[in-house]
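The structure appears below as structure tokens.
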Amino acid sequence: MRLDKFLKVSRLIRRRTVANEACDAGRVSVNGRTAKASADVKEGDVIEIAFGTRTVKVQVLNVQETVRKDEASELFKYV
């Protein structure tokens, strides 16, 4: 699955366009490398997102195309 779509489906970032812009700005990295929005995400990957002064680091547990809002947090765990 594309990185920008995973960020939206998992609700780490609310909109796909915002996720796309964050990737273009170099604020998102996958497994320690700066990633483009089209980067492939799979189970076990570690995603790091810089939100201003705060950094969020999560590990991908599951990849699904669609998910209900209350189940979105089951797609990742905070590291």
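I'd like the distance separating the alpha-carbon centroids of the range 2-51 and the range 65-79, in whole Å.
Centre-to-centre distance over Cα atoms comes out at 14 Å.
Roll a 1.4 angstrom probe over the protein heavy atoms and tell me the percent of accessible area of the chain that is carbon or sulfur. Each step should come with its number before you reach the end.
Numbers: 2240 of 5040 Å².
Carbon plus sulfur share of accessible area: 45 percent.
In the chain, with Lys and Arg counted as +1 and Asp and Glu as -1 at Cβ, which of these residues, Asn20, Thr66, Val79, has the Cα nearest the positive end of the dipole, that is, farthest along it?
Ranked along the dipole, the leading option is Asn20.
Kindly report the accessible area of the range 16-79 per residue (heavy atoms of protein chains, probe 1.4 Å, no ligands, DNA or RNA), in Å².
67
If you place +1 on the Cβ of every Lys and Arg, -1 on the Cβ of every Asp and Glu, and leave all else neutral, what size is the dipole of the chain about its Cα centre, to the nearest 20 Debye? Numbers along the way, then the final one.
Working: 16 positive and 11 negative charges, 49 e Å.
Dipole size: approximately 240 debye.
Can you give me the relative contact order of the chain as a percent, contacts being Cα pairs under 8 Å and 6 or more apart?
Numbers: 137 pairs, mean separation 22.0, N = 79.
RCO, the chain: 28 percent.
Could you tell me what a quarter of the Cα convex hull surface of the chain works out to, in nm² with one decimal place?
Values: hull surface 18.2 nm².
One quarter of the hull surface, i.e. the mean projection, equals 4.5 nm².
Grab the chain and count how many Lys pairs have their alpha-carbon atoms under 20 Å apart, sequence gap of 8 or more, or different chains.
Going through the chain pair by pair, I get 15.
The values are calculated or read from the model by the stated rules, or taken from the named source; none is laboratory data. Since the structure is predicted, the reported quantities are computational estimates derived from the model, not experimental observations. We place every Cβ from the backbone using ideal geometry, glycine too, and count neighbours over all the protein chains shown. Accessible surface areas use protein heavy atoms only, side chains included; no ligands, DNA or RNA. Shrake-Rupley method; radii C 1.70, N 1.55, O 1.52, S 1.80 Å.
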